[in-house]
1. Mind checking whether some residue in the stretch 222-233 is out of contact with any strand residue (DSSP E or B) (no Cβ under 6 Å at 6 or more places or on another chain) and closer than 22 Å to Ser98 by Cβ?
2. Being more than 27 Å from the chain's Cα centre (by Cα) and not polar (S, T, N, Q) narrows it down to one of Tyr238, Tyr278, so name that one.
3. Considering only the stretch 130-187, state which residues are under 22 Å from Met213 (Cα atoms), of a type in the set (Ser, Thr, Tyr), more than 10 Å from the ligand (Cβ to nearest atom) and outside any helix (DSSP H, G or I).
4. Looking at the stretch 245-253, is at least one residue within 23 Å of His35 (Cβ to Cβ) and surrounded by fewer than 17 Cβ atoms within 10 Å (Cβ to Cβ)?
5. Given (1) at pLDDT 95 or above; (2) touching a helix residue (DSSP H, G or I) at 6+ places or on another chain (Cβ under 7 Å); (3) closer than 30 Å to Arg45 by Cα, identify the lone condition not met by Ala143.
6. Scan the stretch 290-316 for residues that are among the hydrophobic types (A, V, I, L, M, F, W, C) and touching a His at 6+ places or on another chain (Cβ under 9 Å) and report the count.
7. Which condition number does Lys215 fail, the rest of (1) within 12 Å of the ligand (Cβ to nearest atom); (2) within 22 Å of Cys52 (Cα to Cα) being met?
8. Test each condition in (1) in contact with a Phe, Trp or Tyr (Cβ under 7 Å, 6 or more places away or on another chain); (2) buried (at least 20 other Cβ atoms within 10 Å of the Cβ) for Met237 and report the one that comes out false.
Amino acid sequence: MSDAGGESAGESAQGEVRQRILTGVRPTGPLHLGHYAGALENWLRLQDEYDCFFLIADYQVSDYASDIDVVRRGVLEVALDWLAVGLDPEESHFVIESHVPEHAELTVWLSWWISLGRLERNPTLKAEIAELESRSDAAVPVAFFTYPVMQVANILLPRAHLVPTGEDQSPHIELTREVARRFNRRFGYTFPVPSGLVGRVPRLVGTDGSAKMGKSAGNAIDLGDESDVVTAKVMGMYTDPTRLRATDPGHVEGNPVFMYHDAFNPDTAEVDDLKERYRGGRVGDVEVKRKLAAALNAFLDPIRERRSHYGARPKLVRDALASGTEHARAVGRETMGDVRSALRLDDIGGA
Ligand code: TRP
């Protein structure tokens, strides 16, 4: 058994002990601006300070059971998106969840200490199940209902201290904290109790003005979109519906175009000027959108450059996944060793 530092943290190149991060994403399609502002930006900022495990959660896609191709392609796409935004596999570990079967093993044990009612009350899970059930081919796999348990195992397996994610993941982190405490109380200190960390823009609205940018909602600007695609999406964005002419006073608050300016345009003087003129009916939507498209394309240009570098070198992407996954497996085996002895699994016959 270890204390909160010790074997539960990784060593940096300089030899100092760093606390751990585990976070992840499901490999169901390209990453978008919402992922960036809600989570990736924090991952980038923290990757030097923490020993990071970035997980591609391919056990957690039972809602894609009829689309296994999408998922397998998604694994490489996510890794490429990560490299493109500047995550560094020399420093951090890119992990394919299903290649570390200890995730599944720990899930089975932890599910002993999570009640059915506790899962049924999870608001994120509830909303996702309602969404699944609303589709025509509605059927909710058992694995979908229990994915938060696996998410707890994902976080506890490397004994993470911090879990930076989008806001929708907070109920899963709360569950993880409960399970860690319960396990530690019952079996002695085994897992750090991890904290969550939500990004600067917890929930980015979609280009259509709906509550959340989503892969499947058709309202996303992807990190991999070409500049003409970005411009077209911005020019088609939902804006202030009460404004018919450029001379009408417009609403800035709650206007998705301005929310994106706030989130991604570093030229705050330009944004302030646009807001003032918009409120006063002295600027048209077209100019506001043109400036947003320019700001987004400037933000995405370095990402595009790194993407084309790695896109042309798929071996580098696969190597990053292989070495990160191998490291995670070694760490996972060590934790499972402690869990097995806490549960006395090798004690045949009992006391
Ligand atoms: N459920 C997360 C999502 O839908 C992905 C995920 C899987 C995750 N395992 C995780 C996030 C562990 C944080 C920690 O995006």
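The values are calculated or read from the model by the stated rules, or taken from the named source; none is laboratory data. None of these values were measured; they are calculated from a predicted model. Glycine also receives a Cβ, built like all others from the backbone with ideal geometry; neighbour counts cover every protein chain displayed.
1. Step one: of the stretch 222-233, the residues out of contact with any strand residue (DSSP E or B) (no Cβ under 6 Å at 6 or more places or on another chain) are 223-233.
Adding the requirement that they be closer than 22 Å to Ser98 by Cβ leaves none.
No; the residues of the stretch 222-233 include none that is out of contact with any strand residue (DSSP E or B) (no Cβ under 6 Å at 6 or more places or on another chain) and closer than 22 Å to Ser98 by Cβ.
2. Details: Tyr238 fails: more than 27 Å from the chain's Cα centre (by Cα).
Unique residue meeting the criteria: Tyr278.
3. Ser134 - this is the single residue of the stretch 130-187 that is under 22 Å from Met213 (Cα atoms), of a type in the set (Ser, Thr, Tyr), more than 10 Å from the ligand (Cβ to nearest atom) and outside any helix (DSSP H, G or I).
4. Checked the stretch 245-253: no residue is within 23 Å of His35 (Cβ to Cβ) and surrounded by fewer than 17 Cβ atoms within 10 Å (Cβ to Cβ).
5. Condition not satisfied by Ala143: (3).
6. Summing the residues that are among the hydrophobic types (A, V, I, L, M, F, W, C) and touching a His at 6+ places or on another chain (Cβ under 9 Å) in the stretch 290-316 gives 3.
7. Here Lys215 clears every test but (2).
8. (1)
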